[in-house]
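> If you scroll down you'll find the structure; I have some questions about it.
The values are calculated or read from the model by the stated rules, or taken from the named source; none is laboratory data. All values derive from a computational prediction rather than experimental measurement. Here the Cβ positions follow ideal geometry from the backbone for every residue, glycine too, while neighbour counts run over all protein chains shown. Each accessible area value is taken on the protein alone, full model and side chains, heavy atoms only, with ligands, DNA and RNA left out. Shrake-Rupley method; radii C 1.70, N 1.55, O 1.52, S 1.80 Å.
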Amino acid sequence: MGWLSFTSLPFLLAGAIFATGPVIIHLLNRRRYRVVQWAAMDFLREALKKNRKILQLRDLVLLVLRTLAVLLFGAALARPYLASRHDQFDARQPLHAIIIIDNSLSMAYESLEGSLLDKAKDRARELIDRLPAGSQMTVIPACGAREPPGFDPLLTNDDAKEALGKIEMVDRSAKIASVANLARRACEEAPQLAKRIVFITDQQELNWRDARAEELFRGLPAMQVVSVAPSAPENAWIADLRVQDGLADMETPTTLVVKIAHRGSSSRREVPLTLSVGPNVIGQQVVSIEPGFGTREVSFECTLSGLAELPEPGQAVFVPLQATIGPDRLPADDQRCLAIPVVAALPVIFIDQYGEGEEDAARGRLGETRHLRRLLAPRTSHSGSPRQLISVRHVSPDSLSRELLTDARLVVVAGVRQPGPMADLLAEYIRQGGQLMIAAGADFDPAAWNAAGWQDGNGILPLPLLAEPIGSTPEEAADKLEPFTLAIDSLTEESIFQLAGVAEADLKALYAEPFFFKAVQVDDSPATLTRLKADAVEPAVDESGKNERGIDREPQVLARFETRNRAIFLVSRKIGRGSALFCSSGLLSSWNTLPKTNAILIFDRLLRGMIQNTLPQQNIGPMDWLTLPLPRLNQNLAMTLSRPGRVTEDPLEVSYIGAQERGVRLTGLLSRGIYQIHGRRISSATEAAAEKPVWELPLAVNGMSDESDLTAITRDQFDQLTAGADVSLVAAGEAINLAGAATSGQNSWWWLLLSVLTLLIAEMLVLIKP
């Protein structure tokens with residue numbers, strides 16, 4: 001079966017439209033005019049009668065010649081060809097081979113024959129050598145490359161093999177949806193040639209997850225998926241590396257958590273695990289990994305005071321950290337990196353019923369935020385040192401001002417009866433990126449707070465509050481005290497409440513300790529949530545061109561009480577560029593026994609996490625490019641970038657990235673590791689390399705942990721996923737099939753142009769003939 005196809009239908013349509021021009025002109029010239037009697041005209045009429053038939057015939061011939069010339073010229077620009085479908089391979093017909101190579105991290109899995117990526121390249125070279133003469137090839141890395149891939153077809157085998165040789169492994173996953181988009185883009189080139197789409201991959205289950213092949217490949221030519229999956233792969237990898245409390249400071253020990261995952265039928269014994277900051281090893285352990293699939297967390301406790309430069313008060317420095325295990329067949333995932341924020345004296349405002357001058361422990365006048373202040377800034381021998389985590393600003397509600405909020409990283413309000421004028425100040429603060437925590441307790445009035453702080457979702461409360469509280473304090477209840485506890489299952493769903501090295505039973509016992517007597521009711525009824533979702537605000541763009549988020553009206557419930565209606569204990573919501581957290585009970589007063597238990601420590605992690613949200617994001621996934629602003633005091637520096645595993649540094653161009661902001665554009669952040677940006681006070685890039693940097697910033701790049709799971713889909717799973725799509729599987733040892741659709745007449749455009757020239761010559765001959 002065959003059909004006529006065109007490279008560009010718009011040219012054919014344009015030619016057909018313009019071909020109507022001569023016909024319209026011919027018809028207009030035949031319009032009848034008003035007859036005017038003129039004696040001399042009788043003699044001319046007699047003469048014209050003899051030539052009328054000849055003139056009419058000539059006009060008709062000219063009309064046909066001109067119309068065909070325009071129509072054929074448009075058809076030539078459309079480059080028609082004849083496409084047909086058959087199952088035989090014709091070595092005389094050139095093809096357009098679209099070869100997509102899976103260059104994800106899992107393709108670095110090694111065997112005696114080399115890596116899976118090497119096997120994929122060998123299969124691709126075999127295909128290139130079998131292509132008919134005159135074929136064109138497009139070679140595409142499925143996961144991208146430092147240099148953007150070109151979609152222009154390559155005309156020689158040597159060029160295609162050279163492109164294959166340049167493909168490198170990157171720390172990404174080869175999602176099948178992305179592969180389909182790449183194939184569709186490549187098919188737009190060289191449309192006059194029959195297509196052969198070949199995707200060479202290790203067939204990871206991850207890549208086909210949630211894929212609807214029938215929809216993804218609709219309208220595409222047939223695709224062959226060539227599998228180079230290893231048999232019975234085994235792999236251990238570092239799945240996560242994190243600071244348990246989010247932030248580190250220079251005075252207190254920091255707990256670092258390393259998560260190791262393993263999949264395989266064999267166990268690994270005495271695997272060395274090393275934690276290092278640059279060349280300095282700060283921790284070592286030996287772990288054993290059982291067969292099957294599972295994870296294991298290992299914690300380290302260390303002090304960073306001797307490993308990092310001292311941060312200035314109110315600022316943060318980032319320390320590059322790396323965790324490494326003993327190598328296996330996939331060494332690319334045997335490490336993971338992290339840029340740890342180390343902070344000093346970050347300003348945090350605490351607002352309660354007493355300011356700093358009014359609080360008096362001897363008289364029992366303690367502000368509701370007292371325990372939180374001591375959690376984040378404990379009274380040690382170094383109290384008041386600029387090296388501690390935060391700088392406490394303890395004020396009363398009436399003392400809050402816009403100037404005080406200017407550099408505040410976090411605001412904590414607890415036990416305040418009503419917000420008063422500070423509600424508007426805090427609303428402005430949070431929309432500009434501030435972090436706010438509101439807690440009940442003391443004389444907290446939920447009705448007053450709801451009136452001033454909810455404002456139909458536009459205020460500072462994550463959810464509206466009900467006027468009637470739950471329970472009552474011992475002073476209010478007398479002999480009718482009815483305590484309630486936290487719902488343990490609601491805490492176990494949130495990672496922030498998990499502690500490294502603490503068993504689940506111990507965690508349950510920890511969170512079961514506090515008893516609660518009174519709490520504010522938070523309205524999370526379906527009607528309220530539906531109204532918030534209906535009124536959701538889409539992200540907008542401000543005048544500087546930066547994305548500015550609208551109000552995120554989706555609240556997140558972090559913890560609940562074990563009451564009949566499962567009342568909310570902690571709920572948060574993003575508002576503007578910042579976020580608000582509400583605690584429905586007190587933090588010091590007789591509303592509960594929480595301050596007398598170790599469960600109060602959960603607020604240390606919560607508040608540290610909120611402070612961390614105000615710091616630059618230095619831990620990112622693999623990216624093609626990233627725009628990074630420079631500090632305002634270091635705008636005129638010679639900037640360079642050092643990449644993981646490379647000795648030389650790449651020069652970076654400093655330019656304006658905003659109206660009054662300068663920065664650099666980083667490209668090709670695709671490999672795992674620490675990327676270090678250096679700034680030097682020198683004009684020459686050659687001299688800059690020898691100078692000591694005056695400003696440095698690390699970027700930690702890590703891909704998805706799931707990419708290290710080498711489990712491949714079975715043929716039955718593949719057949720089920722690709723049902724209804726023109727996609728076939730080529731297993732190991734099977735040849736790639738070159739049979740399929742064919743085209744002919746690719747050079748017909750040349751004959752069409754020759755026909756146009758012939759028609760124009762014929763028109764000239766007709767015109768010059770007497």
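> To the nearest 20 debye, what is the magnitude of the charge dipole of the range 132-234 about its Cα centre, counting +1 on the Cβ of each Lys and Arg and -1 on the Cβ of each Asp and Glu?
Taking the Cα centre of the range 132-234 as origin, the dipole is about 280 debye.
> Counting pairs of alpha carbon atoms under 8 Å apart in space and at least six apart in sequence, what relative contact order in percent does the range 549-643 give?
The value is 15 percent.
> Return the distance in nm (one decimal) between the two label points of a simple spin-label model at Glu696 and Leu615, each offset 7 Å from Cα along Cα→Cβ.
Roughly 1.7 nm, to one decimal.
> Compute the length gained on full extension between Ser265 and Ala512: take 0.36 nm times their separation in residues and subtract their Cα-Cα distance, giving the result in nm to one decimal.
Extra length available between Ser265 and Ala512 comes to 85.0 nm.
> Another question, then. Which FRET efficiency value, to the nearest 0.05, do you get for Ser401 and Gln556 by plugging their Cβ-Cβ distance into 1/(1 + (r/R0)^6) with R0 = 35 Å?
Numbers: r = 31 Å, r/R0 = 0.87.
Efficiency, rounded to the nearest 0.05: 0.70.
> Related question: Sorted by average packing, counted as other Cβ atoms within 10 angstrom per residue and highest first, what order do 645-653, 461-469 take?
461-469, 645-653
> Relative contact order for the range 182-298 using alpha-carbon pairs under 8 Å, separation at least 6, rounded to a whole percent?
RCO, the range 182-298: 20 percent.
> Which one of Gln315, Ser288, Thr303 is farthest out on the positive end of the charge dipole of the range 283-383, using unit charges on Cβ (Lys, Arg +1; Asp, Glu -1) and the Cα centre as origin?
Thr303
> Report the full-extension gain for the segment Phe293 to Glu476: residue separation times 0.36 nm, less the Cα-Cα distance, to one decimal in nm.
The Phe293-Glu476 span can extend by a further 60.5 nm.
> Cα-based Rg (one decimal) and Dmax (whole number) for the range 564-652, in Å?
Calculated on Cα positions, Rg and Dmax stand at 21.6, 64 Å.
> Also, quick follow-up: How far apart, in nanometres, would the label points at Arg125 and Thr667 be if each is projected 7 angstrom from Cα along the Cα-to-Cβ direction?
Placing both labels 7 Å along Cα→Cβ, they lie 2.9 nm apart.
> Here is a follow-up. Just subtract the alpha-carbon distance of Lys166 and Glu301 from 0.36 nm times their residue separation and send over the number in nm, one decimal. Provide the component values of the computation, followed by the final result.
Numbers: separation 135, 0.36 × 135 = 48.60 nm, distance 4.25 nm.
Extending this stretch completely gives an extra 44.4 nm.
> State, to one decimal in nm, how far the label point of Val286 lies from the label point of Arg531, with both points 7 Å from Cα in the Cβ direction.
6.4 nm
> If you rank Leu760, Leu626 by how much accessible surface each has, with a 1.4 Å probe, what is the order from largest down? It would help to have the intermediate numbers written out before the result.
Numbers: Leu760 75, Leu626 35 Å².
Final ranking, largest accessible area leading: Leu760, Leu626.
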